[in-house]
Structures are given as structure tokens and as C-alpha cells.
1. For the residues 81, 48, what sequence is obtained by ranking on other C-beta atoms within 10 Å, fewest first?
2. Once you have the Cα-Cα distance between residue 148 and residue 128, take 0.36 nm times their residue separation minus that, and quote the gain in nm to one decimal.
3. Compute the length gained on full extension between residue 80 and residue 167: take 0.36 nm times their separation in residues and subtract their Cα-Cα distance, giving the result in nm to one decimal.
4. Compute the Cα gyration tensor for the range 29-78, then decide on rounded, prolate or oblate, letting a ≥ b ≥ c be the square roots of its eigenvalues: rounded whenever a/c is under 1.5, prolate when a/b is larger than b/c in the other cases, and oblate in all that remain.
5. What's the exposure ranking of 139, 43, 36, 87, going from fewest to most Cβ atoms within 10 Å?
6. Using a 10 Å cut-off around each Cβ, can you sort 35, 92 from fewest to most neighbouring Cβ atoms?
7. Let me know the shape class of the range 10-167, please: from the alpha-carbon gyration tensor, a ≥ b ≥ c as square roots of the eigenvalues, rounded when a/c is under 1.5, otherwise prolate if a/b is greater than b/c, or oblate.
8. Need one number: nm distance between label points at residue 138 and residue 155, each 7 Å from Cα along Cα→Cβ, rounded to one decimal.
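FYI, it's all coordinate maths here, none of it is from the lab. Just so it is clear, the model here is predicted, and its values are computed rather than measured. A quick note on method: Cβ atoms are made from the backbone with ideal geometry, for glycine too, and the neighbour counts reach across all protein chains shown.
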């Protein structure tokens with residue numbers, strides 16, 4: 001399952017036991033970090049016809065702080081196919097005598113999270129009972145978002161850590 005997870009502030013283990021600090025970091029994860037990641041993921045699928053819903057969970061342990069963002073809802077499988085890619089496979093007509101499709105497709109997303117809208121079907125319209133699909137390149141949206149947000153997350157959690165320490 002595609003997720004984005006951050007582990008940070010590993011060198012501060014001895015303080016994470018304090019319930020006040022843990023609570024303050026939890027509030028920052030819930031109100032700031034999760035919200036920003038959910039907005040970023042929603043932006044990726046903003047103009048998709050079949051959008052997944054994204055959810056986020058936080059985990060706070062003695063070893064790490066972690067936020068997982070993952071697709072949910074009825075369209076989560078579509079998101080997984082796009083972000084993870086697919087292998088070459090055969091598509092057969094099941095509930096109709098033949099498949100109807102256009103020969104070409106021009107995606108607007110590129111591998112490693114470059115997205116720019118919905119793809120466009122191109123070419124001649126054809127009918128066939130079976131199609132050998134060449135597969136889809138992985139777009140790896142999570143990788144791009146994680147890399148873009150790494151410094152911001154570290155800075156935000158470090159500031160939250162310092163505020164929590166001062167208030168104790």
C-alpha cells in the first residue's frame with residue numbers, strides 16, 4: 001500500500017516519555033503536518049474523474065514520530081495502479097461482446113510525481129475481444145511529496161519540540 005511516512009527526532013528519545021511533550025507533538029502532527037500532506041495528496045488527484053479519498057494516521061513511540069498517508073474509498077485501487085504502476089497484462093471483454101477503446105493515450109503525469117492533469121486518449125477508435133496492455137510506468141507520487149516536504153516536516157516538528165520543552 002502506498003504511504004508517506006516520516007521518522008524524525010530520533011536523538012530525543014529520553015524526552016518522548018513525558019506525556020506533555022508527547023501530547024504537544026501529537027497536536028502538531030494532527031493539526032499541521034497531517035493537514036498539509038492531505039492537501040498535497042488531494043492536489044495530485046484534484047482533476048481525476050475517479051478520485052480516491054486520502055486518510056492520515058499518526059504514530060508516536062519512543063523511537064519515532066510517524067505520519068502515514070494512504071488512499072481509501074472505492075477508488076483507492078486506481079490510485080495504487082497509477083502510483084505503483086502495473087505490469088503488462090491481458091484485458092478481455094467480460095460483459096460485452098467486445099472492448100471499445102482508442103489506440104493511443106498521452107498521460108499528463110510523469111514518473112516521480114510530476115503531475116499536470118488528466119491524460120488524453122488519442123488515435124483511432126477500435127473494437128477487440130482481447131487487448132495486450134503494455135503496463136503503466138509507476139508515477140511514485142509519494143516519493144516526490146516526501147522529498148519536497150522533508151525539510152518542512154523536520155523544521156515544523158523541531159519547532160514543536162522546542163515549544164513543548166519550554167512549556168514543561
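1. Details: 81 13, 48 16.
In increasing order of surrounding Cβ atoms, one gets 81, 48.
2. Values: separation 20, 0.36 × 20 = 7.20 nm, distance 4.29 nm.
The residue 148-residue 128 span can extend by a further 2.9 nm.
3. Numbers: separation 87, 0.36 × 87 = 31.32 nm, distance 4.23 nm.
Between residue 80 and residue 167, full extension yields an extra 27.1 nm.
4. Values: a/c = 3.76, a/b = 2.04, b/c = 1.84.
Here the range 29-78 falls in the prolate category.
5. Values: 139 23, 43 11, 36 17, 87 8.
With the sparsest Cβ surroundings first, the list reads 87, 43, 36, 139.
6. Details: 35 12, 92 9.
Ranked by crowding around the Cβ, least crowded first: 92, 35.
7. Details: a/c = 3.49, a/b = 3.02, b/c = 1.15.
Here the range 10-167 falls in the prolate category.
8. Those two pseudo-labels are separated by 2.9 nm.
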